[in-house]
Amino acid sequence: MSILKDRVSIKEKIGYALGDGAANIAWRGVATFLFIFYTDVFGLNPATVGVLFLVARFSDGISDVLMGIIGDRTKSKYGKFRPWILWTAIPLAAILSLLFASPELNDSGKIVYAYITYILFTLIYTANNIPYGALMAVMTGDDKVRTSIGSYRMVGAFGGGMLVQGVLLYLVAYFGNIDPTIKVDKLDEDKFRVEVSAPSDVSNVNIKTEDGIALFVWDNKAINAEENTPTHAKSFSVEANKTYTFIVTGEKNVDAGKISIIDQKEGYSNSMYLLSVFLAVFMFITFYTTKERVAPPKNQKSDLGKDLKDLISNKPWLVLLLVGLLFNIYNSIKQGIVVIYFTHYLNNQLLAASFLVGLMLASIAGAIITAPLGKKLGKRNLFIYALILSGLVNALLVFCGSDDVEAIFTIGIISEFFAAIFPTLLFVMLGDAADYSEFKNGRRATGLVYSAGSFATKFGGGIAGAIIGFVLANFNYDGQDAVAISGAVPGIVMLMSWIPSIIALIAAGLMFFYPLNQKTLDTVTLELNARRESE
């Protein structure tokens with residue numbers, strides 16, 4: 001059957017795109033919010049979190065390769081890769097919910113729980129995402145159609161990211177509402193007495209003003225001076241109908257409507273339960289709307305040693321593996337530090353949601369423009385230009401003060417527009433690398449080739465998490481200590497600006513070694529189509 005006659009409908013492209021929308025509810029939810037959840041809500045040390053991310057993601061590289069091998073050898077009436085999307089939809093939704101749960105444990109128990117749930121998350125995500133990525137390469141044998149599918153995919157990915165990044169903090173505030181009674185008495189122009197109570201016991205709540213500017217001290221609680229240091233927020237446990245009193249200073253016109261009291265543990269848990277339902281539904285739609293069309297050569301026999309030998313001799317794949325690793329470190333540092341940056345540098349956590357939505361809209365625009373730009377400039381050249389431009393623009397954030405909100409939004413959105421081109425091209429070019437391997441060696445191992453994309457994504461995220469953790473630990477960051485937070489601000493700014501930018505520029509340099517130009521790809525596509533016609 002001719003591959004050129006196999007058209008991929010818009011419905012199928014949209015169905016496929018929803019799968020990455022689902023994956024990004026999980027992935028971007030974890031990349032953006034898990035670090036601050038672990039440090040500020042669950043109470044883990046940032047260095048501990050950094051080591052966890054690094055260890056879990058490194059070990060996950062082995063499972064990526066194994067999943068690629070398993071996917072290539074899966075035989076079912078649904079194909080090689082589609083059934084894994086069906087089988088893992090509910091498990092992935094469940095482990096995401098557990099990841100943001102806050103069981104009452106001691107410090108050691110919390111670390112053990114974090115390791116178990118996070119490693120399970122990476123394993124289940126691998127079992128879902130490697131087959132999902134490989135599916136694109138077997139939906140069509142035409143590299144140009146594959147580029148179009150890749151653009152749809154990234155629109156879906158960024159849409160899912162926008163869903164979780166845009167609404168999660170608001171959902172946390174909604175589900176974390178403890179229905180408090182709040183009384184505010186004005187003592188001076190910028191000094192107030194705030195009394196709060198709640199109708200039921202709550203193990204841990206966080207109180208602050210909506211703008212996060214005012215400083216809180218206890219007024220009616222027996223506590224030593226060191227523990228009662230003025231901070232932008234206070235965390236405490238609430239007994240039903242008991243009144244807690246604070247002196248609030250440093251912000252004018254404080255009233256009850258501007259006081260935010262949130263049970264963040266309950267808020268995060270219930271928010272992730274809801275988003276996990278969307279994740280599972282999107283995965284089911286992807287399974288039922290897509291079709292596998294490209295199969296390995298009929299005379300190909302299973303030979304793992306040969307597959308691995310072909311893989312490590314595949315120069316396009318090796319370059320994409322290294323570049324993918326670096327740009328995922330770049331993206332993951334930027335994503336992982338955003339909420340901390342807005343919470344502790346701009347003192348406005350909810351503004352991070354608007355910023356992240358702006359980034360997602362820019363990402364969608366970048367994904368849409370990738371296909372036409374790729375045709376005009378070539379995928380390799382476009383990749384290089386995008387890395388350089390995104391990195392250089394992002395570095396400008398080092399010059400922004402905490403009041404330069406418009407500049408921060410502008411720089412972030414422009415940088416993200418170019419950054420969106422990276423993942424769109426990577427997964428398309430991995431399909432090209434799979435075609436190149438079949439063209440050169442007469443064998444096809446699509447799942448194994450696509451394991452590079454998953455490995456780069458997850459291990460890159462692990463290295464990014466370790467970098468964030470180690471930098472913040474070096475600045476003595478403690479998400480529950482205002483004094484420590486203030487001292488860590490320079491490190492937060494570095495992580496938001498020039499540290500990731502250096503990594504993007506290194507990746508651009510490596511991309512010059514990528515050998516497949518459009519002329520070569522056209523030759524590969526025509527030859528492979530001719531071979532399949534003759535089978």
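The values are calculated or read from the model by the stated rules, or taken from the named source; none is laboratory data. Not measured: the values here are computed from a predicted model. Backbone-built Cβ (ideal geometry, glycine too); neighbour counts: all protein chains shown.
Can you tell me which residues in segment 300-328 are touching a Phe, Trp or Tyr at 6+ places or on another chain (Cβ under 9 Å) and within 24 Å of Val398 (Cβ to Cβ)? Hits for segment 300-328 are Phe327, Asn328. Has segment 387-409 got any residue that is of a type in the set (Asp, Glu) and within 18 Å of Val145 (Cα to Cα)? Scanning segment 387-409 turns up no residue that is of a type in the set (Asp, Glu) and within 18 Å of Val145 (Cα to Cα).
Every residue, every condition in (1) assigned by TED's automatic domain parsing to the domain that holds Lys13; (2) at pLDDT 80 or above, yes or no:
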site	(1), (2)
Ala157	yes, yes
Leu163	yes, yes
Leu169	yes, yes
Ser197	no, yes
Asn206	no, yes
Glu210	no, no
Ala214	no, yes
Ile223	no, no
Glu226	no, no
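In segment 360-407, of all residues being farther than 29 Å from Thr343 by Cα and polar (S, T, N, Q), the one that is surrounded by the fewest Cβ atoms within 10 Å (Cβ to Cβ) corresponds to Asn381.
Comparison of Thr410, Thr424 shows that the only residue that is modelled with pLDDT under 95 and closer than 28 Å to Ser354 by Cβ is Thr424.
Could you tell me whether Asn348 is out of contact with any Ser or Thr (no Cβ under 8 Å at 6 or more places or on another chain), surrounded by fewer than 24 Cβ atoms within 10 Å (Cβ to Cβ) and either not hydroxyl-bearing (Ser, Thr, Tyr) or not assigned by TED's automatic domain parsing to the domain that holds Thr209 (or both)? Answer is yes for this residue.
Can you work out which of the residues in segment 370-414 that are free of Cβ contacts under 8 Å to residues at least 40 places away in the same chain and within 22 Å of the chain's Cα centre (by Cα) is nearest to Asp522 (Cα to Cα)? Looking at residues that are free of Cβ contacts under 8 Å to residues at least 40 places away in the same chain and within 22 Å of the chain's Cα centre (by Cα), I get Ala386. Each residue in segment 501-518 was checked for being of a type outside the set (S, T, N, Q) and not in a helix (DSSP H, G or I), and 5 pass. Spot the failing condition for Ile182; the list is (1) in contact with a helix residue (DSSP H, G or I) (Cβ under 8 Å, 6 or more places away or on another chain); (2) buried (at least 18 other Cβ atoms within 10 Å of the Cβ); (3) under 23 Å from Asn348 (Cβ atoms), and only one is missed. (2) is the only condition that Ile182 fails.
Among residues of segment 113-133 that are under 16 Å from Thr286 (Cβ atoms) and part of a helix (DSSP H, G or I), those with a beta-carbon under 6 Å from a residue that is among the aliphatic types (A, V, I, L, M) and at pLDDT below 95 at least six positions away or on a different chain give the pairs Ala127/Met67; Asn129/Ala23; Ile130/Met67.
Highlighted here are the strands (runs of 3 or more DSSP E) found entirely within segment 137-238 that include at least 2 residues which are of a type in the set (Val, Ile, Thr): 181-188, 191-197, 202-209.
When Ser102 is tested against (1) crowded, with 22+ Cβ neighbours inside 10 Å; (2) at pLDDT below 90; (3) touching a Ser or Thr at 6+ places or on another chain (Cβ under 8 Å), exactly one condition is not met: (1). Just one of the numbered conditions (1) over 30 Å from Gly374 (Cα atoms); (2) not in a loop (DSSP other than H, G, I, E, B) is not true of Tyr477: (2).
One residue stands out among those in segment 301-345 that are of a type outside the set (Ser, Thr, Tyr), surrounded by fewer than 16 Cβ atoms within 10 Å (Cβ to Cβ) and out of contact with any Leu (no Cβ under 8 Å at 6 or more places or on another chain): the one that is modelled with the highest pLDDT, which is Lys315. Looking across Ile111, Ile116, Ile130, one residue alone is closer than 29 Å to Val49 by Cα, among the β-branched types (Val, Ile, Thr) and surrounded by 21 or more Cβ atoms within 10 Å (Cβ to Cβ). It is Ile130.
Residues in segment 75-112 that are free of Cβ contacts under 8 Å to residues at least 12 places away in the same chain and of a type in the set (Ser, Thr, Tyr) were compared, and the one that is nearest to Trp27 (Cα to Cα) is Ser108. For the structure I just gave you, tell me whether Asp142 is surrounded by fewer than 24 Cβ atoms within 10 Å (Cβ to Cβ) and out of contact with any helix residue (DSSP H, G or I) (no Cβ under 7 Å at 6 or more places or on another chain). No.
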